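Read-outs throughout are calculated quantities, based only on the coordinates presented, and are distinct from any laboratory measurement. Here the structure is a predicted model, which is why all the values come from computation and not from measurement.
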């Protein structure tokens, strides 16, 4: 059964370069402007001894007013002329820019929604494996991204320490904690 406001017209309340504030009936929400999408990458790196690591990033997030621990992610089709960009190509680019790792294999895990009551954006989740370190990472100019290579067996402790330090944690990291729990 659909919400009673589902068939009402969508109103644009405000639109910026990347975000659009919208209203449909009593619902207020935001979405990406110009059809921009996002890609999020679960990057797994194995040591020769079989120890599996996850590659995480952290950066200061203005909306939160603090640093946030996240999986690597970025926008798809946000640059002029790349409106129809493939999610896998964008994910490969973002992974290398943010972390300095190049994936030998990228697998699309599906499309997901992080906060569907407030945000219409979906993101394509991909798994990156067979990683090769090809650079320092850190993102593009001004992003100031820090790369974290964390053994999966230590992830719960790492996240707990991150929280105790007063930092934020992206909900997608709960995926790892749930799988490990």
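So here's what we get for this one:
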quantity: Helix 155-164 vs. the chain, principal-axis angle (Cα, 0 to 90°, nearest 10); calculated: 60
quantity: Rounded to 5, percent antiparallel among DSSP beta bridges of the chain; calculated: 80
quantity: Most fluctuating residue given options 64, 109, 125, as computed from a GNM of the chain linking Cα atoms under 10 Å; calculated: 64
quantity: Part-to-part distance (alpha-carbon centres) for region 142-181 and region 41-81, which is given in Å; calculated: 10
quantity: For the chain, convex hull of alpha carbons as volume per residue, Å³; calculated: 154
quantity: Helix-derived mean residue ellipticity, 222 nm - over the chain, DSSP H n ≥ 4, -39500 (n - 2.57), to 500; calculated: -5000 deg cm²/dmol
quantity: Region 101-181: relative contact order in percent, alpha carbon pairs under 8 Å with at least 6 residues between; calculated: 24
quantity: In degrees, nearest ten, helix 87-99 long axis to first principal axis of the chain (Cα); calculated: 50
quantity: Selected from 15, 121, 97 as most flexible by GNM, with the chain as the system and alpha-carbon contacts under 10 Å; calculated: 15
quantity: Relative contact order of region 36-180, pairs being alpha-carbon contacts under 8 Å that are 6 or more residues apart, as %; calculated: 30
quantity: For region 51-120: relative contact order, % (alpha-carbon pairs under 8 angstrom, 6 or more apart); calculated: 20
